[in-house]
Amino acid sequence: MSSLPARVILLAGPSGSGKSSLATRTGLPVLALDDFYKDGDDPSLPVLPGGAGTDWDAPQSWNADAAVAAIAALCAEGAADTPVYDISASAASGCARLDLGGAPLFVAEGIFAAEIVVRCRELGLVADAVCLRGRPSTTARRRFLRDLREGRKAAPFLLRRGWHLMRAERAIVARQVALGCAPCDAPTALSRILTLPLATPVAP
């Protein structure tokens, strides 16, 4: 039996639902799962219908294996090297060292967090898994303003993507719940996370 010094809180939710803000408010170390996007020249990237560019909202645009490996390293060793991704360039721009500093819990947040809930649970890594949900129109406004401010993509692309995601938001949340996340609004999610017991040794 092997013991783990830390466990992960997987924080999922639609793009723009407030995952990054909530993760920061917990005061816990944070692993940004969006940094595990594939580079724009990766031949395995999914395409939009009609071949009109890459479908960055499909789980296949993301490197789940690398994300799980980083989470496993953080849980076992308390530190890991992680990529730094430049969304505007659709490529990793470097790497960074994330050190938990002895914290027994950390948050891994991203739109694809739900995709790895089962795998991480099978490895004994999960303290909790949460999906943020809210009003689709509020999520859409927050997402568009953030993406425009950060220059993530061109405005016409952001508008088209935003309209599609707003219409699909309830289905996105339903899928993430089916994958093992508890649906919560932001206040409930924060309370749920802050009342978790400290990580204890677990056997994968």
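The values are calculated or read from the model by the stated rules, or taken from the named source; none is laboratory data. Since we're looking at a predicted model, the values are computed, not measured. A quick note on method: Cβ atoms are made from the backbone with ideal geometry, for glycine too, and the neighbour counts reach across all protein chains shown. Only protein heavy atoms, including side chains, enter the accessible area calculation; ligands, DNA and RNA are left aside. Shrake-Rupley method; radii C 1.70, N 1.55, O 1.52, S 1.80 Å.
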Legend entry - Cα-based equivalent ellipsoid of the chain: semi-axis lengths in Å, sorted from largest, via gyration tensor: 28, 19, 15
Legend entry - Protein-only accessible surface order, largest first, of I87, I9 at 1.4 Å: I87, I9
Inset, instruction - Only helical DSSP H runs with n ≥ 4 go in: add -39500 (n - 2.57) per run for the chain, normalise by residue count and round the 222 nm mean residue ellipticity to 500 deg cm²/dmol. - result: -11500 deg cm²/dmol
Inset, instruction - Please list 164-174, 47-57, 105-115 highest first by mean number of surrounding beta-carbon atoms within 10 Å per residue. - result: 105-115, 164-174, 47-57
Legend entry - Solvent-accessible area per residue for the chain (1.4 angstrom probe, square angstrom): 49
Inset, instruction - Give me the compactness ratio for the stretch 47-114, meaning the Cα radius of gyration over 2.2 N^0.38 Å. - result: 1.32
Legend entry - Separation of the S3 and C95 label points, Cα + 7 Å toward Cβ, nm: 3.0
Inset, instruction - Evaluate E = 1/(1 + (r/R0)^6) for L48 and A73, where r is the Cβ-Cβ distance and R0 equals 35 Å; express this FRET efficiency to the nearest 0.05. - result: 0.55
Inset, instruction - With label points built 7 Å along Cα→Cβ from the Cα atoms of T24 and A155, find their separation and express it in nm. - result: 2.5
Legend entry - Relative contact order for the chain, counting Cα pairs under 8 Å that sit 6 or more residues apart, in percent: 35
Inset, instruction - On the full set of protein chains, 1.4 Å probe, figure out the accessible area of S20 and give it in Å² to the nearest 10. - result: 70
Inset, instruction - Report, to the nearest whole %, how much of the accessible area of the chain belongs to carbon and sulfur atoms, 1.4 Å probe, protein only. - result: 56
Legend entry - Pairs of alpha carbons in the stretch 1-110 whose separation is greater than 25 Å (percent): 25
